[in-house]
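Below is one structure, written out as structure tokens, with a few remarks after it.
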Amino acid sequence: MYVDIGNAIETTPGVSRDSLDRLDDHVARAHERIQAGRADDEHGYAALNLPETTDPNAIHRAVEPFADPAAFLTVGIGGSALGAATITAALDSEVDAHYLDNIDPVQTRMLLDSLPLDRTVVNVVSRSGTTAETLSTFLVVREAMDAAGVDWTDRTLVTTGEEGNLRGLAARHDLPSLPVPGGVPGRFSALSTVGLAAAAVCGHDLEAVLDGGADAAKSLSGSLFESPAYGYGAVSYALADRGALTNVMMPYAESLEDFAEWFAQLWAESLGKDGLGQTPARALGATDQHSQLQLYRAGPHDKLVTLVRPREYDDLGIPETDLAGLSYLGGSSLGELLDAEFEATEASLAAADVPNVRVELDAVDEYALGELLYAMEAACILYGELAAVSTFTQPAVEWGKRAARGLLGGGDFEEAAAVADKQSLEID
């Protein structure tokens with residue numbers, strides 16, 4: 001992975017090279033803290049050990065009972081689904097991967113009606129085994145299988161913690177299961193059983209994913225100028241401190257669109273604490289050049305734009321044409337056009353004094369995805385260290401969970417009472 005931060009220097013907002021040199025001393029101290037946390041396998045920091053601690057053979061053994069599936073359905077929310085979705089969406093899969101990571105009844109019904117349930121593997125994912133959205137959706141999926149005459153116990157894999165409802169369900173029905181790694185928040189679990197079970201069923205090379213992550217780990221050092229991950233995390237932090245409070249993640253590969261969604265959870269849930277943080281925004285190149293780029297260039301100077309692309313890909317030629325004004329396109333390719341759009345966007349942002357960072361992968365493959373996911377997790381953790389926020393907690397998320405559970409009669413939670421305090425000014 002390659003990170004170019006040149007277009008973030010001397011912009012508005014921006015950082016100077018001198019300020020980056022000074023920041024590098026803080027990066028060195030943060031790196032020491034991160035390495036100490038890894039050495040002790042501390043909560044959160046343990047995520048950066050996953051390329052070494054994840055056992056791909058255990059994952060292959062768990063999915064082995066499911067021969068020749070037509071579809072793989074993950075039932076999970078947030079970090080229980082987004083890492084897996086990023087990997088399977090980016091790669092050409094042997095099996096169709098689907099995700100029920102929301103409780104929208106219309107979408108849930110449509111998806112279940114479209115699946116060949118007798119050839120679908122269901123992976124229900126929840127660390128606690130008590131996640132209301134996940135368990136509710138799983139009950140709906142199980143009912144749909146019963147109605148279709150499918151024995152759900154023959155088609156279900158459980159990925160959960162050591163205790164909880166799902167662990168008990170797996171034991172009671174002798175279901176294949178995988179453990180959720182200890183000390184790893186869900187949004188940091190892409191390189192674990194949580195993110196890799198779907199990849200295994202879909203025919204992807206788990207070892208290559210983990211190798212990419214392991215090599216990204218080796219690149220971590222005490223200097224932002226020597227580590228792509230730390231370079232990205234440090235410059236993002238420095239720009240946010242100077243007013244770039246939105247980070248636009250804009251991949252120039254449609255296969256990486258789900259990566260932008262994964263990044264949004266990682267960045268928002270980890271860094272949005274104590275009035276601090278950087279709001280992630282998702283965009284897609286070249287599509288959003290024709291919409292959002294107008295704001296990024298001519299709107300408030302409060303953004304960092306992160307442009308991501310692979311250096312190699314399968315290209316598609318553009319036929320010759322005699323249409324007036326379009327002959328220059330004939331004989332070139334869609335890839336050449338996309339590269340030109342990427343570089344034009346990068347230059348247009350620089351010309352408008354908008355900070356932007358280029359992130360490049362050799363290709364969109366298993367190795368590069370492991371490298372990218374790991375690097376962004378390390379970048380996020382470094383940012384959290386520099387900002388002195390509690391990177392691995394999510395108290396605001398837990399507040400909402402307690403409120404929803406109280407409203408549904410799942411206990412007496414004071415947060416639920418706050419719902420009654422809503423002010424209304426309805427216009428009809």
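The values are calculated or read from the model by the stated rules, or taken from the named source; none is laboratory data. Given the structure is predicted, the values throughout are model-derived calculations rather than measurements. Please note: Cβ atoms are built from the backbone with ideal geometry, for glycine as well, and neighbour counts cover all protein chains shown.
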Point to revise | Per-region count, the range 342-365, residues under 17 Å from N7 (Cβ atoms), surrounded by fewer than 16 Cβ atoms within 10 Å (Cβ to Cβ) and of a type in the set (D, E, K, R) | key: 2
Practice item. For the range 269-280, indicate whether the set of residues that are part of a loop (DSSP other than H, G, I, E, B) and buried (at least 21 other Cβ atoms within 10 Å of the Cβ) is non-empty. Key: yes
Check your understanding: Mind checking whether some residue in the range 304-323 is of a type in the set (D, E, K, R), farther than 29 Å from N49 by Cα, assigned to a strand (DSSP E or B) and in contact with a Phe, Trp or Tyr (Cβ under 7 Å, 6 or more places away or on another chain)?
Key -> no
Check your understanding: What's the number of the condition A368 fails, among (1) under 28 Å from G83 (Cβ atoms); (2) surrounded by fewer than 17 Cβ atoms within 10 Å (Cβ to Cβ)?
Key -> (2)
**Study point:** Matching entry among G409, G335 (being surrounded by fewer than 17 Cβ atoms within 10 Å (Cβ to Cβ), small (G, A, S) and not in a helix (DSSP H, G or I))
**Key:** G409
**Study point:** Looking only at the range 91-132, and only at residues there that are acidic (D, E) and more than 27 Å from L206 (Cβ to Cβ), the one that is surrounded by the most Cβ atoms within 10 Å (Cβ to Cβ)
**Key:** D104
Practice item. May I ask you to list the residues in the range 108-124 that are within 21 Å of E94 (Cβ to Cβ) and either in contact (Cβ under 8 Å) with a residue 24 or more places away in the chain or of a type in the set (A, V, I, L, M) (or both)? Key: L111, L115, P116, L117, D118, R119, T120, V121, V122, N123
**Study point:** Single residue of the range 150-160 satisfying the filter (in contact (Cβ under 8 Å) with a residue 12 or more places away in the chain and more than 20 Å from A199 (Cα to Cα)) that is surrounded by the fewest Cβ atoms within 10 Å (Cβ to Cβ)
**Key:** T153
Check your understanding: In the range 186-208, is there at least one residue being at pLDDT below 95 and either in a loop (DSSP other than H, G, I, E, B) or buried (at least 23 other Cβ atoms within 10 Å of the Cβ) (or both)?
Key -> no
Review point. Does D151 satisfy the condition of being of a type outside the set (A, V, I, L, M) and at positive phi?
Key: no
Review point. If a residue has to be of a type in the set (G, A, S) and either in contact with a Ser or Thr (Cβ under 7 Å, 6 or more places away or on another chain) or crowded, with 18+ Cβ neighbours inside 10 Å (or both) to count, how many in the range 137-149 make the cut?
Key: 1
Review point. In the range 228-263, which residue that is part of a loop (DSSP other than H, G, I, E, B) and in contact (Cβ under 8 Å) with a residue 60 or more places away in the chain is surrounded by the fewest Cβ atoms within 10 Å (Cβ to Cβ)?
Key: G243
